[in-house]
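Single-structure report; data block below.
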């Protein structure tokens, strides 16, 4: 096979591998989607040392917590809220250089007033490692959420 044929062939194989189906997101039976075995995801409902992160906490109403969280997300660079439901928020965060998209999810399991627990998940769509980007993102969101 000539080099002229190999370059397009390998390009097609690479791009086809990246194109796969979209990520499984959302809440099922009160749980955000578990993290994969790759170190590019954190989830407050996880129990593993590498993928667990603390949930967010808020004292007040679920409505006020959601409003505050959406405000924080809208103020973050390259982050767009894509789903805003009664008990669930999803945002997409795009990396500055390569344009990789990470999914950031928040689940409000209870409508009670008082101490609200907000379960969180942040995961890269591509790659094996995120070099800690998703954990840092959740911690940045936590800091801004608590500062408001």
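Could you pull out every one of the strands (runs of 3 or more DSSP E) wholly within region 18-121 that has 1 or more residues that are on the phi > 0 side of the Ramachandran plot and either in contact (Cβ under 8 Å) with a residue 40 or more places away in the chain or surrounded by fewer than 18 Cβ atoms within 10 Å (Cβ to Cβ) (or both)?
Values: elements: 41-43, 56-60, 79-85, 88-94, 101-107.
Here the list reads 56-60.
Out of all the residues in region 131-148, which are touching a helix residue (DSSP H, G or I) at 6+ places or on another chain (Cβ under 9 Å) and in a loop (DSSP other than H, G, I, E, B)?
148
Do the conditions hold for residue 137, that is, is it buried (at least 18 other Cβ atoms within 10 Å of the Cβ), under 21 Å from residue 24 (Cα atoms) and modelled with pLDDT of 95 or more?
Yes: the conditions hold for residue 137.
Going through 82, 120 one at a time, which residue ends up being touching a helix residue (DSSP H, G or I) at 6+ places or on another chain (Cβ under 7 Å) and closer than 21 Å to residue 23 by Cα?
Sole residue among the options that is touching a helix residue (DSSP H, G or I) at 6+ places or on another chain (Cβ under 7 Å) and closer than 21 Å to residue 23 by Cα: 120.
The values are calculated or read from the model by the stated rules, or taken from the named source; none is laboratory data. For clarity, every value in this text was computed on a predicted model and none was experimentally measured. Using ideal geometry, Cβ is built from the backbone for each residue, glycine included, and neighbour counts are taken over all protein chains shown.
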